[in-house]
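Visitor: One structure is given below, represented as structure tokens, and several questions about it will come after.
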Amino acid sequence: MKPDSLPMTALNSKQGTVCIFGTGDFGRSLGLRLLQAGYEVVYGSRNPKNSDLLPKGAKVMPHEEASQKASVIIVAVHRENYEFLASLTQALEGKILVDISNNLKKHQYTESNAEYLSMLVPRAVVVKAFNTISAWALQSGRLDANRQVLICGNHAEAKQALVDMSHSLGLTPVDRGSLRVASELEDLPHQLFPLWRLPLWISAGLLGAFFLYVLIRDVVYAGVVDNKDTSFRIMISLANKVFPMVALVMLALCYLPGIIAAFLQLYNGTKYRRFPDWLDRWMLCRKQLGLLALAFAFLHVLYTLVIPIRYFVFYKRANTYISLIKENKTYEFNAMWAWRSDSYLSMGIIGFVLFVLLGITSLPSVSNSLNWREFNFIQSKLGYLTLLLCTAHAVLYGWDKFLHASGFKWWMPSSYMVSLVVPCIVLVLKTVLIMPCLDRTITRIRQGWERQGKRGKDKNAKSSQPLIL
């Protein structure tokens, strides 16, 4: 029988019997979920007597006998153990074989495991599925975030049977195309935070650059010019300068690519033109940039809270009080400095709270409960408000230090001035974009309007992804 002519029993797998070859962790977890979803489960095993660990209600029998009980057979064994399937070619004729295997490393074989299985059992219909789901995800049920099942195969009806099965298990199936995609699916479990690599590199670069900057300015300068050893400031003082700098710049970097994309659309006069690859990559990792920025903001808050209990602060405060007592002097109340201090703290508190709100709404469990308008309002409108408040927090911290020559050591401006460069650029460019004349044009472009002649110049251009500005 050819794979193109599957029996109806093979396509109507729902409410039927499913056979699983393999009694390992994944096979047992998947069998348990299938039993809970109302399926009958039969295990094929080399040693049917060892069934103590199998889910209650499942049957276990030799491979050939088990394969005759079901039309959908899940192959939960490693590629190195596929040889026994060759002897079952006749029993597997017309069956749907679901390959769930992965390899120890990327590109371990010239062909994918699923393609190898289809060559080994040519009269069966092979579908790749469940290889990106872990045994833990299956056991934890609907509460686990890892619910997406990637499916590929050459037979549409066989893939539909797996789609129905995934829905029955409370999982989300995604059809990725033909069996040629199996190699890509088998490489996915080996990827380590693919969307986090660029943000991590950016944060590491900013962290190293800013730390070196404040180290030269605050420690090396004091040692060379004033002959003072202030290296003890590295652990708390310098760290508490670097962390907010990185957080503020990375928050600005979340919104800068959207602004660049808007100016590109204005320049091109159309949305039907692809952005440069570097801009696409940048826009895809904005969520990760924001979460890392929030992590550095949390560190800034924690380091700020421990400042009053530092030995250096106790020492400096005691000396100040003793000096004032000896000289019989008091500090005069300065209303302007009180306003500045309270405003500085208020901007920081409100900005941090909104920053946390942005981080919470970026979580899938929260963002999935919001419609597009709500999500856009929080991530865009409140996002820019967060950037504005955090920038104001840094401005009020520095106040008029940039006017004093003592604030420039070796012609190096204060660290707060360095951290304000990117956020101020972003806020200025955003102010330009929300001007009515430009805002109307951008809105029309995103609704499909094109400047005359642009379509003819770029006939093969693809539409870019929607923006959050």
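The values are calculated or read from the model by the stated rules, or taken from the named source; none is laboratory data. Since this is a predicted model, take the numbers as computed values, not measurements. Positions of Cβ are generated from backbone atoms using ideal geometry, with glycine treated the same way; all protein chains shown enter the neighbour counts.
Visitor: What is the one condition in (1) surrounded by 14 or more Cβ atoms within 10 Å (Cβ to Cβ); (2) modelled with pLDDT of 90 or more that Leu302 does not satisfy?
Guide: The one condition Leu302 does not meet is (1).
Visitor: Applying the selection to region 12-48, what residues are modelled with pLDDT under 85 and under 24 Å from Glu83 (Cβ atoms)? Break it down into steps so the answer makes sense when it comes.
Guide: First, pick out the residues of region 12-48 that are modelled with pLDDT under 85: 12-15, 46-48.
Answer for region 12-48, where residues must be modelled with pLDDT under 85 and under 24 Å from Glu83 (Cβ atoms): Arg46, Asn47, Pro48.
Visitor: Answer yes if at least one residue in region 142-154 is part of a helix (DSSP H, G or I) and under 23 Å from the mean Cα position of the chain (by Cα), and no otherwise.
Guide: Of the residues in region 142-154, the ones part of a helix (DSSP H, G or I) are 142-143.
Subset that is under 23 Å from the mean Cα position of the chain (by Cα): 142-143.
So far as region 142-154 goes, yes, one or more of its residues are part of a helix (DSSP H, G or I) and under 23 Å from the mean Cα position of the chain (by Cα).
Visitor: Quick one: which of Ser51, Ser71, Ser67 is in the same structural domain as Ser118 (by TED's automatic domain parsing), modelled with pLDDT under 90 and not basic (Lys, Arg)?
Guide: Numbers: Ser71 fails: modelled with pLDDT under 90; Ser67 fails: modelled with pLDDT under 90.
The match here is Ser51.
Visitor: Here is a further query. Here is a list of conditions, (1) crowded, with 21+ Cβ neighbours inside 10 Å; (2) touching a strand residue (DSSP E or B) at 6+ places or on another chain (Cβ under 7 Å), and Asp175 meets all of them except one; can you say which number that is?
Guide: Exception for Asp175: condition (1).
Visitor: Which is within 27 Å of Ala239 (Cβ to Cβ), in contact with a Lys or Arg (Cβ under 6 Å, 6 or more places away or on another chain) and surrounded by 14 or more Cβ atoms within 10 Å (Cβ to Cβ), of Ser362, Ser346?
Guide: Values: Ser346 fails: in contact with a Lys or Arg (Cβ under 6 Å, 6 or more places away or on another chain).
Within the list Ser362, Ser346, the selection yields Ser362.
Visitor: Can you name the helices (runs of 4 or more DSSP H) wholly within region 206-298 that have at least 3 residues being touching a helix residue (DSSP H, G or I) at 6+ places or on another chain (Cβ under 7 Å)?
Guide: Values: elements: 221-225, 237-268, 277-284.
Filter on region 206-298 gives 237-268, 277-284.
Visitor: Additional query: Pick out the one residue from Ala252, Ala222 that is of a type outside the set (S, T, N, Q), in the same structural domain as Arg440 (by TED's automatic domain parsing) and modelled with pLDDT of 95 or more. Show your work before the answer.
Guide: Working: Ala222 fails: modelled with pLDDT of 95 or more.
Sole residue among the options that is of a type outside the set (S, T, N, Q), in the same structural domain as Arg440 (by TED's automatic domain parsing) and modelled with pLDDT of 95 or more: Ala252.
Visitor: For Gln90, state whether it is surrounded by fewer than 19 Cβ atoms within 10 Å (Cβ to Cβ) and part of a loop (DSSP other than H, G, I, E, B). Let's see the steps before the verdict.
Guide: Working: surrounded by fewer than 19 Cβ atoms within 10 Å (Cβ to Cβ): yes; part of a loop (DSSP other than H, G, I, E, B): yes.
It is true that Gln90 is surrounded by fewer than 19 Cβ atoms within 10 Å (Cβ to Cβ) and part of a loop (DSSP other than H, G, I, E, B).
Visitor: Of a type outside the set (Phe, Trp, Tyr), assigned to a loop (DSSP other than H, G, I, E, B) and exposed (fewer than 15 other Cβ atoms within 10 Å of the Cβ) - does that describe any residue in region 124-133?
Guide: No: zero hits.
Visitor: Take the conditions modelled with pLDDT of 90 or more, in a loop (DSSP other than H, G, I, E, B) and not assigned by TED's automatic domain parsing to the domain that holds Arg281 and apply them to Gly177. Does it pass?
Guide: Working: modelled with pLDDT of 90 or more: yes; in a loop (DSSP other than H, G, I, E, B): yes; not assigned by TED's automatic domain parsing to the domain that holds Arg281: yes.
Spelling it out, Gly177 is indeed modelled with pLDDT of 90 or more, in a loop (DSSP other than H, G, I, E, B) and not assigned by TED's automatic domain parsing to the domain that holds Arg281.
Visitor: Another question, then. Kindly indicate whether Val353 is closer than 23 Å to Thr304 by Cβ and among the β-branched types (Val, Ile, Thr). Steps first, please.
Guide: Working: closer than 23 Å to Thr304 by Cβ: yes; among the β-branched types (Val, Ile, Thr): yes.
The answer is yes for Val353.
Visitor: Output the number of residues of region 376-411 satisfying the condition of being free of Cβ contacts under 8 Å to residues at least 24 places away in the same chain and either assigned to a helix (DSSP H, G or I) or basic (Lys, Arg) (or both).
Guide: Of all residues in region 376-411, those free of Cβ contacts under 8 Å to residues at least 24 places away in the same chain come to 377-378, 381, 398, 400-408, 411.
Adding the requirement that they be either assigned to a helix (DSSP H, G or I) or basic (Lys, Arg) (or both) leaves 377-378, 381, 398, 401-403, 405-407.
Summing the residues that are free of Cβ contacts under 8 Å to residues at least 24 places away in the same chain and either assigned to a helix (DSSP H, G or I) or basic (Lys, Arg) (or both) in region 376-411 gives 10.
Visitor: Take the residues in region 371-398 that are farther than 28 Å from Val418 by Cα and out of contact with any Ser or Thr (no Cβ under 7 Å at 6 or more places or on another chain), then tell me which one is surrounded by the most Cβ atoms within 10 Å (Cβ to Cβ).
Guide: The extreme case among them is Asn376.
Visitor: Looking for something touching a Ser or Thr at 6+ places or on another chain (Cβ under 8 Å), at pLDDT 90 or above and either in the same structural domain as Leu256 (by TED's automatic domain parsing) or not hydroxyl-bearing (Ser, Thr, Tyr) (or both) - is there at least one such residue anywhere in region 320-331?
Guide: There is no residue in region 320-331 that is touching a Ser or Thr at 6+ places or on another chain (Cβ under 8 Å), at pLDDT 90 or above and either in the same structural domain as Leu256 (by TED's automatic domain parsing) or not hydroxyl-bearing (Ser, Thr, Tyr) (or both).
Visitor: Of the residues that sit in region 194-234 and are in contact (Cβ under 8 Å) with a residue 24 or more places away in the chain and of a type in the set (Ser, Thr, Tyr), which one is surrounded by the fewest Cβ atoms within 10 Å (Cβ to Cβ)?
Guide: Checking each candidate, the answer is Tyr221.
Visitor: List every residue pair whose Cβ atoms lie under 9 Å apart, where the two residues are 6 or more positions apart in sequence or sit on different chains, the first residue falls within region 310-328 and is in contact (Cβ under 8 Å) with a residue 12 or more places away in the chain, and the second residue, located anywhere, is surrounded by 10 or more Cβ atoms within 10 Å (Cβ to Cβ).
Guide: Arg310/Ile236; Arg310/Ser237; Phe312/Phe232; Phe312/Arg233; Phe312/Ile236; Phe312/Ser237
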